[in-house]
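Enquirer: Sending over a structure as structure tokens; questions will come in a sec.
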Amino acid sequence: MKLSVIDRAIAQYADLSDPEAAFRLKLLAPILRETAKIADDLPENAMEAELPDAEAVEALRRGADPIMTTGGVKLSAAVFADVVARLAAVHEEALRAEEFNVADIDWTLFASDDAVALLSRDPEAFLTDAVEAALAAGMPEDVVDVQLIPVLSMAVRAMLTDYAEAVSDKLASGEDPVVDFERRLSCPVCGSEAAMAVVGPTARSGNVKQLCCLRCGSHWKFERIRCAHCGDEAVSDLRYIHDEADQDHRLHVCADCGETTPTVFVSGTFEQVSPDVEAVVLGALEAAWREAEAAKAEEEGAKA
Ligand SMILES: [Zn+2]
Ligand SMILES: [Zn+2]
């Protein structure tokens, strides 16, 4: 997660035609930039974790349990508390600038020893627990959506992204271009589902698809024609949809499970892509598609 890459991506999408995506990008730009800065300068005691050796890397490629679920990562609660405080300050300022009502959140509740122990094993469960606890304590849903979730998820990311990227580099290097196994669906580092995919050229094996985990920042190679959610490989079940005017941003739609994988096609290297910024741009396409599908279903319901 490089600040220069994020800045270039934000500048590239300065004139987004979808007003909602443009607004989201403007709102999230400060916290994305701060996350990259924090990740770049994380104190050494932020985490205890080893990089997997060659054998473990091969096992991860073949679907071994994610590193974090097996206890391979221990995060510091004190460092996490600092990271949350820094990101909360930056994001709350951005929200105020757009005239959101900013709630007075006691962020230390989310950085207790217990919470960070859970985070170290299962970031997805940590976030689910945090949201449930906040709602149970009476936090309004819109505050949860625009204030709590962005701050906590980017704090998780700031802690993990350097490590996740280092693991991803190990997974990518020295791999045979032709493999005799099906690639993994869940993130090798934290176990989350992939949020999106990037298709782009590589020096060795032509155009390659990588799935990206925005939870920890990892990415891993994946089959071009395969659903990232259910693993379906039937060509007839899978199709790309996109806007006439934009061939680069597409949704990979699976008729088998009904899920979509936002996918960006790039001409440069993976290192020049900001998955976080692309995810916002792709979010607009996904929202429009879901709206159209809902309208279609309603029309069919009216006919029946
Ligand atoms: Zn992950
Ligand atoms: Zn599927």
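The values are calculated or read from the model by the stated rules, or taken from the named source; none is laboratory data. No experiment lies behind these values; they were computed from the predicted model shown. We place every Cβ from the backbone using ideal geometry, glycine too, and count neighbours over all the protein chains shown. Note: areas computed on protein heavy atoms with side chains; ligands, DNA, RNA excluded. Shrake-Rupley method; radii C 1.70, N 1.55, O 1.52, S 1.80 Å.
Enquirer: Leaving ligands and nucleic acids out of the surface, order 221, 2, 209 by accessible area at 1.4 Å, largest first.
Expert: Heavy-atom accessible area, descending, gives 2, 221, 209.
Enquirer: Here is a follow-up. Counting pairs of alpha carbon atoms under 8 Å apart in space and at least six apart in sequence, what relative contact order in percent does the chain give?
Expert: Relative contact order for the chain comes out at 18 percent.
Enquirer: Which of the listed residues, 235, 125, 150, is farthest toward the dipole's positive end in the stretch 3-303, when Lys, Arg count +1 and Asp, Glu count -1 at the beta-carbon?
Expert: It is 235.
Enquirer: For an R0 of 25 angstrom, estimate the FRET efficiency from the Cβ-Cβ distance between residue 294 and residue 137 and round to the nearest 0.05.
Expert: 0.15
Enquirer: Roughly how many Å² of residue 40 are accessible to a 1.4 Å probe, to the nearest 10?
Expert: 130 Å²
Enquirer: Largest first, please: the extent of the C-alpha atoms of the stretch 102-240 along each principal axis, to the nearest Å.
Expert: 52, 33, 23
Enquirer: Among 26/303; 37/74; 37/170; 74/209; 74/221; 2/296, which pairs are too far apart, with a Cα-Cα distance over 32 Å?
Expert: Listed pairs above 32 Å: 26/303; 2/296.
Enquirer: Assuming 1.306 mPa s and 10 °C, estimate D for the stretch 1-86 with Stokes-Einstein, Rh taken as the Kirkwood radius over Cα pairs, in µm²/s.
Expert: 100 µm²/s
Enquirer: Which semi-axis lengths, in whole Å and largest first, follow from the square roots of five times the eigenvalues of the Cα gyration tensor of the stretch 43-92?
Expert: Over the Cα atoms of the stretch 43-92, the semi-axes work out to 30, 12, 9 Å.
Enquirer: Where the only charges are on Cβ atoms (+1 Lys, Arg; -1 Asp, Glu), what is the dipole of the chain about its Cα centre, to the nearest 20 debye?
Expert: Charge dipole of the chain: 700 debye, to the nearest 20.
Enquirer: Here's another thing I want to ask about it. Taking a probe of 1.4 Å, how large is the accessible area per residue of the chain, in Å²?
Expert: For the chain, the solvent-accessible area averages 50 Å² per residue.
Enquirer: Further, regarding this structure: Could you compute Rg(Cα) / (2.2 N^0.38 Å) for the chain, with N its residue count?
Expert: 1.01
Enquirer: Return the whole-Å distance between the Cα centroid of the stretch 207-263 and the Cα centroid of the stretch 107-139.
Expert: 30 Å
Enquirer: Are there chymotrypsin sites (Phe, Trp or Tyr not before Pro) in the stretch 121-216 that DSSP puts in a loop and that have at most 15 other Cβ atoms within 10 Å, and which ones?
Expert: Passing sites in the stretch 121-216 are 181.
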